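The values are calculated or read from the model by the stated rules, or taken from the named source; none is laboratory data. This one's a predicted model, so the numbers in the text were calculated from it and none came from an experiment. All Cβ positions, even for glycine, are placed from backbone atoms using ideal geometry, and neighbour counts span all protein chains on display.
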Amino acid sequence: MAKIPRNFRLLEELEKGEKGLGAEACSYGLEDSEDLLMSNWNGTILGPPHSVHENRIYSLKMHCGDAYPDQPPTIQFISQINLPAVNPRNGVVDPKMLPCLAQWKRENTMETILIELRRYMAAPANKKLQQPPEGSTYE
Amino acid sequence: MALPKRIIKETERLMAEPVPGISAIPHEDNLRYFDVEIHGPASSPYEGGIFKLELFLPEDYPMTAPKIRFLTKIFHPNVDKLGRICLDVLKNNWSPALQIRTILLSIQALLGAPNPDDPLADDVAKHWKADEQAAIEKAREWTRTYAQPQPQPAS
């Protein structure tokens, strides 16, 4: 298979995100629409139903470095959330605790990560965890 | 996986007989991915500028067009803020009879003949139609600011 370079891969993801072709419960886009390097992205996750997260909207930041997609992006919640994989001080997601980051594959996308995070929020062990007030953010 | 013969042939010819004002060099670790430089055409607002682009030949090339975008900031009605290019031969009018070489020539021609009636960058096109002289001056200014040759590192 032809190996798609970082920038063209990110353009594909951007177009998919802009057209809303992805999963409805997650969205993502460039933080700065003029950033030719396309490094910094914003994402949102709509809290999964039948969990404490229902009806909440979580914002997060994703950073795609030079080695993306050979290496996964770094993920950081902006909205406060109580989850074992999320650092309670700054919202950074521990890549070792989320399988799609720990066993990263080149075919994974930012959408893959957002969907998996949403599933993780709804997991039996996590869906009833007490949460910070809605709308609170990390510094 | 082996590179298709067609791509090898095109690459060899691009290196052996380069188009004046255009260079395209494949990455060593990905022979479908090219670093491209296009010199701004004479008597255009881009004259004197050297524009960097990147080009990728997708898996099903030449059945689908190459993917290409500007890496150098450019003020042009058919190029958007992320460097994406609005050009018929990259979209609906692509044909496998076209080549990397013809695409790069079309882009060079587009620099010489901006087309604000078929814009990708709406704000730039509006500017272009409302006050062409001012838009051309801005394109010149951006060329001076962003498209200057990089000093070569001493060898």
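Here are some notes:
- Restricted to the stretch B:6-122, the set of strands (runs of 3 or more DSSP E) holding at least 1 residues that are away from chain A (no Cβ under 14 Å) and more than 10 Å from the chain's Cα centre (by Cα) comprises B:22-27, B:50-56.
- Residue tally, condition more than 13 Å from chain B (Cβ to nearest Cβ) and basic (Lys, Arg), over the stretch A:1-44: 2
- Taken as a whole, the structure leaves A:Thr137 outside the set of residues that are within 30 Å of A:Met1 (Cα to Cα), at pLDDT 95 or above and of a type in the set (Val, Ile, Thr).
- Of the residues screened, A:Tyr28 is not one that is assigned to a strand (DSSP E or B) and in contact with a Ser or Thr (Cβ under 7 Å, 6 or more places away or on another chain).
- Qualifying residue in the stretch B:73-80 (condition: more than 17 Å from B:Val36 (Cα to Cα) and among the aromatic types (Phe, Trp, Tyr)): yes
Yes/no per residue for (1) more than 18 Å from A:Cys26 (Cα to Cα); (2) touching a helix residue (DSSP H, G or I) at 6+ places or on another chain (Cβ under 6 Å):
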position	(1), (2)
A:Pro48	no, yes
A:Met62	no, yes
A:Ile78	no, no
A:Leu101	no, yes
A:Thr109	no, yes
A:Arg118	no, no
A:Ala123	no, no
A:Leu129	yes, no
A:Pro132	yes, no
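- The stretch B:102-146, subset of a type in the set (Phe, Trp, Tyr) and either without any contact (Cβ under 8 Å) to a residue 40 or more places away in the chain or closer than 19 Å to B:Ile38 by Cβ (or both), residue surrounded by the most Cβ atoms within 10 Å (Cβ to Cβ): B:Trp142
- Among the candidates B:Pro77, B:Pro45, B:Pro41, the residue that is crowded, with 19+ Cβ neighbours inside 10 Å and out of contact with any Ser or Thr (no Cβ under 7 Å at 6 or more places or on another chain) is uniquely B:Pro77.
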